[in-house]
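Just below is one structure, and these are the notes that go with it.
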Amino acid sequence: MAVDDKHISYRIYLVAVFIFLMAIAIVVKLTNIQWIEGDHYRQLAKQRTVRNFVIPANKGNIYSADGSLLATSIPNYEIRFDAKAPKTEAFEKYVKALSDSLVTVLGKSGSYFEKELRKARENKNRYYLIARNLSYTEYVKIKGFPLFNLGAFKGGIIIEQETVRKHPIGKIAERTIGYDRIDPASGVEVGKGIEWAFKSYLNGKDGKILKQKIAKGQWKPIRDINEVDPIDGYDVISTIDVFIQDIAHHALLKQLEDYEADHGCVVVMETETGYVKAISNLGRAEDGSYYETTNYAIAESHEPGSTFKLVDLMAILEDKVADTSTVYDSHGGIVKYYGRSVRDSHNGGYGKVSLARGFELSSNTVMVQAVYENYKNNPAKFVDHIKSFGLNKTLGLHFQGEGRAIIPHPKDKNWSGVSLPWMAFGYGVSVTPMQTLTLYNSIANNGVMVKPQFVSEIKEWNKSIKKFDVEVMNPQVCSPETLKKVRAVLQNVVKKGTGSKLYSKDFSMAGKTGTAMVNYGKAGREGMYYASSFAGYFPADHPKYSCIVVVHKPNTANNNYYGADVAGPVFKRIAQKIFTDAPSTNKIKQLDSKIPKQEISYDKYITESNKKSSKIPDLKGMPGMDAIALLENLGLKVKVNGVGKVKKQSLQAGQNISKNSTIVLELS
């Protein structure tokens, strides 16, 4: 027995020692947690139960030049109820009044809300959903209801807010208005257009609110007030004119659809200021529809074709190496340089014609000869002119992704004997449509080259924060003598040259057609297609607007891919509508029989206006701006809801017109 007792004693000692050591380890660990790692664990516990949440600042609005909303932040509110917060006396006193009040905003019955609120209190629900997707007005109204007006801790109201960015005019100019958001895949902030370029003004400064974690992973505010109040962003006033934008968008869309083109762009710019009044960039989807995609006007640098011949004419006249009257032989429409042929689009050429006439007819042979003969011994001098016209570098716009210009130089390793003659008719060079337009606009603006602008002002309510004044890039791109001759020739292009189909005796236009083969240099001409363009300005004598239209890859089934046929009509449609619908352009308005017959079949608006009908016309499917102009010309007052084409009209087609009566149009 003594031996057994001895073994038992040893075991007791071992257990006691083990317990003693465990106790020491626990004390050491507790001491370590309390004094060494205590701050870390306290902070970790706090982070898991109490956290600062960001309150996004309301972004500023983007407005058009005429005050229309292009982009705005719509606040959405969500209201929840902490059913444990109100004292029993307060809850019983106000629950019925609260329920009856909620009916006025949310519908349903008072008995329904009272039942749900009592159920939430019985279940000790601290995050019961009252309503979501509320407007600011609805939120303010509910916040003032009985019980809720006691505050978060006494009344149990919990308010959540988020903002949603909306474009009231729909898809029009969507790419230029742009976006600024967080990419969900990468978590990186991404954006485009005005939203991105001016985000430092638009975004404001976010606030912070402290929230506590409650059941089921939900969080509720700890206090009624924010830790840091958000500061709203400023408003951005764009240069876009919704009226002109609508015209440009639909004119381009119609032509793209008619020619089943791949993509295209149009820009309308105010001559004196460089303010972009309209810009549309449309690409074709797989289903054949068109939508705003890449900002082709700014980002797509490509060979311009014959619109580049303006550079030839300006350089030659500036250096006085030839004049508009200098005669050149088109040599049957073919001239060769280093074994490669330059051809005119017209078989057989144009015979012997003046430089001016060669430009008006867009003769490749004439313009190439004029450039090559005068600059073959010093091609750098011709390239220097291109640089002086600003075509060798980007415009420095606020937007990301501006296309890079490519202008070869004799010092380049890939310069060859055909580089100079090919440049003369717009090949071997690469510029963006916006760069081309900027040059043409300088001719319209008496030689003053101004930078294109998309924003005119930053505002805080009615207070101006910053104005974007006219920015002169070159005060004189050429001499007054050259300017006078160039403007005359550009006007003759429309009167009697390649743009003669666009001519109208009632309003003047000037410009240049262009047709370029894109990807022609690739082996086997893989992917080669045509790009049709027209660049110019109107009215020709006293220009107010400049405009460029580029249509890529039109259907060539009928060999009808030239700039005058594809891009020119878009230019004409825009000029015609602005001219007729906005009398300030020429201080006259002619919507009667003075408009020539050839114009009547071109435009439904002109057609209807000339009818002088005494009946309400059928407007369904007509672009909104067309319908407004037509109805006002018929003596009616017009109210419009929405943007786009007419979907419904309040006065039915065929009704007698009552002067000064009001018609409401619903646009899609």
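The values are calculated or read from the model by the stated rules, or taken from the named source; none is laboratory data. Just so we're clear, the structure is a prediction, and the values are computed from it rather than from any experiment. Because the Cβ atoms are built from the backbone with ideal geometry, glycine has one as well, and the counts that use them run over all protein chains shown. The area values use the complete protein model at the heavy-atom level, side chains included, leaving out ligands, DNA and RNA. Shrake-Rupley method; radii C 1.70, N 1.55, O 1.52, S 1.80 Å.
Among residues belonging to the range 364-401 that are in contact with a Ser or Thr (Cβ under 9 Å, 6 or more places away or on another chain) and under 19 Å from N441 (Cα atoms), point out the one that is surrounded by the fewest Cβ atoms within 10 Å (Cβ to Cβ). Going through the qualifying residues, I end up with T394. Here is the figure for the range 618-650: residues that are more than 23 Å from V242 (Cβ to Cβ) and either modelled with pLDDT under 75 or crowded, with 19+ Cβ neighbours inside 10 Å (or both) total 1. In this structure, is G536 in contact with a strand residue (DSSP E or B) (Cβ under 7 Å, 6 or more places away or on another chain) and open to solvent by less than 20 Å² (accessible area, probe 1.4 Å)? The answer is yes for G536. The combined condition, being modelled with pLDDT of 90 or more and either open to solvent by 20 Å² or more (accessible area, probe 1.4 Å) or in contact with a Lys or Arg (Cβ under 7 Å, 6 or more places away or on another chain) (or both), is not fulfilled by K587. The set of residues from the range 227-261 being out of contact with any strand residue (DSSP E or B) (no Cβ under 6 Å at 6 or more places or on another chain), within 30 Å of K211 (Cβ to Cβ) and of a type outside the set (D, E) comprises just one member, G233. Output the residues belonging to the range 257-282 that are open to solvent by less than 10 Å² (accessible area, probe 1.4 Å), under 30 Å from E457 (Cα atoms) and either hydrophobic (A, V, I, L, M, F, W, C) or in a strand (DSSP E or B) (or both). Answer for the range 257-282, where residues must be open to solvent by less than 10 Å² (accessible area, probe 1.4 Å), under 30 Å from E457 (Cα atoms) and either hydrophobic (A, V, I, L, M, F, W, C) or in a strand (DSSP E or B) (or both): G264, C265, V266, V267, V268, M269, V276, A278, I279, S280, N281, L282.
Only one of the numbered conditions (1) under 25 Å from the mean Cα position of the chain (by Cα); (2) farther than 22 Å from I237 by Cβ; (3) not aromatic (F, W, Y) is violated by T72, and that is (2). Any residue that is out of contact with any strand residue (DSSP E or B) (no Cβ under 9 Å at 6 or more places or on another chain), under 30 Å from Y561 (Cβ atoms), among the β-branched types (V, I, T) and modelled with pLDDT of 95 or more - is there at least one of those in the range 421-436? Taking every residue of the range 421-436 in turn, none turns out to be out of contact with any strand residue (DSSP E or B) (no Cβ under 9 Å at 6 or more places or on another chain), under 30 Å from Y561 (Cβ atoms), among the β-branched types (V, I, T) and modelled with pLDDT of 95 or more.
For the range 340-349, check the following and say yes or no: at least one residue is touching a residue at least 24 places away in the same chain (Cβ under 8 Å) and under 29 Å from K411 (Cα atoms). Yes: the range 340-349 contains one or more residues that are touching a residue at least 24 places away in the same chain (Cβ under 8 Å) and under 29 Å from K411 (Cα atoms). Residue check: is N446 open to solvent by 20 Å² or more (accessible area, probe 1.4 Å) and within 17 Å of A315 (Cα to Cα)? Yes, satisfied. Checking each residue in the range 471-501 for being closer than 15 Å to F359 by Cα, in contact (Cβ under 8 Å) with a residue 60 or more places away in the chain and basic (K, R) picks out K485, K496.
Applying the criterion of being under 30 Å from A278 (Cα atoms) and not aliphatic (A, V, I, L, M) to the residues of the range 67-85, the residue that is surrounded by the fewest Cβ atoms within 10 Å (Cβ to Cβ) is G67.
Residues in the range 184-219 that are within 22 Å of the chain's Cα centre (by Cα), open to solvent by less than 30 Å² (accessible area, probe 1.4 Å) and not small (G, A, S): I194, E195, F198, L202.
For the range 283-311, the tally of residues that are open to solvent by 30 Å² or more (accessible area, probe 1.4 Å), in a strand (DSSP E or B) and over 22 Å from N519 (Cα atoms) stands at 2.
For the subset of the range 86-121 comprising residues that are part of a loop (DSSP other than H, G, I, E, B) and modelled with pLDDT of 90 or more, which member is surrounded by the most Cβ atoms within 10 Å (Cβ to Cβ)? Top of the filtered list is P86.
Of everything in the range 372-392 that is polar (S, T, N, Q) and without any contact (Cβ under 8 Å) to a residue 24 or more places away in the chain, the residue that is farthest from S430 (Cα to Cα) is N377. Among the residues of the range 459-466, not a single one is assigned to a helix (DSSP H, G or I) and over 15 Å from Y275 (Cβ atoms).
Here's a check for you: in the range 498-521, which residue that is part of a loop (DSSP other than H, G, I, E, B) and open to solvent by less than 10 Å² (accessible area, probe 1.4 Å) is farthest from T432 (Cα to Cα)? For the range 498-521, the residue satisfying everything is S504. The criterion of at least 1 residues that are among the β-branched types (V, I, T) and touching a residue at least 40 places away in the same chain (Cβ under 8 Å) is met, among helices (runs of 4 or more DSSP H) falling completely within the range 122-181, by 136-143, 174-177. Consider Q369 carefully, then state whether it is under 16 Å from V321 (Cα atoms) and modelled with pLDDT of 95 or more. Yes. Give the number of residues within the range 232-256 that are closer than 15 Å to E174 by Cα and part of a loop (DSSP other than H, G, I, E, B). The qualifying residues number 3. Among the conditions (1) of a type outside the set (A, V, I, L, M, F, W, C); (2) open to solvent by 10 Å² or more (accessible area, probe 1.4 Å); (3) modelled with pLDDT of 65 or more, the only one that Q576 does not satisfy is (2).
Picking from residues in the range 220-239 that are among the hydrophobic types (A, V, I, L, M, F, W, C) and modelled with pLDDT under 80, the one that is surrounded by the fewest Cβ atoms within 10 Å (Cβ to Cβ) is I225. Summed over the range 259-286, residues that are of a type in the set (G, A, S) and closer than 22 Å to Y63 by Cα total 3.
Any residue at all in the range 166-183 that's closer than 21 Å to E227 by Cα, small (G, A, S), modelled with pLDDT of 85 or more and crowded, with 19+ Cβ neighbours inside 10 Å? Among the residues of the range 166-183, not one is closer than 21 Å to E227 by Cα, small (G, A, S), modelled with pLDDT of 85 or more and crowded, with 19+ Cβ neighbours inside 10 Å, which makes the answer no.
So for the range 325-344 (the condition being within 19 Å of F534 (Cβ to Cβ), open to solvent by less than 10 Å² (accessible area, probe 1.4 Å), of a type in the set (A, V, I, L, M, F, W, C) and touching a helix residue (DSSP H, G or I) at 6+ places or on another chain (Cβ under 9 Å)), does at least one residue qualify? The answer is no; no qualifying residue exists. Scanning the range 341-374 for residues that are under 18 Å from V486 (Cβ atoms) and in contact with a Leu (Cβ under 6 Å, 6 or more places away or on another chain) gives F359, A370.
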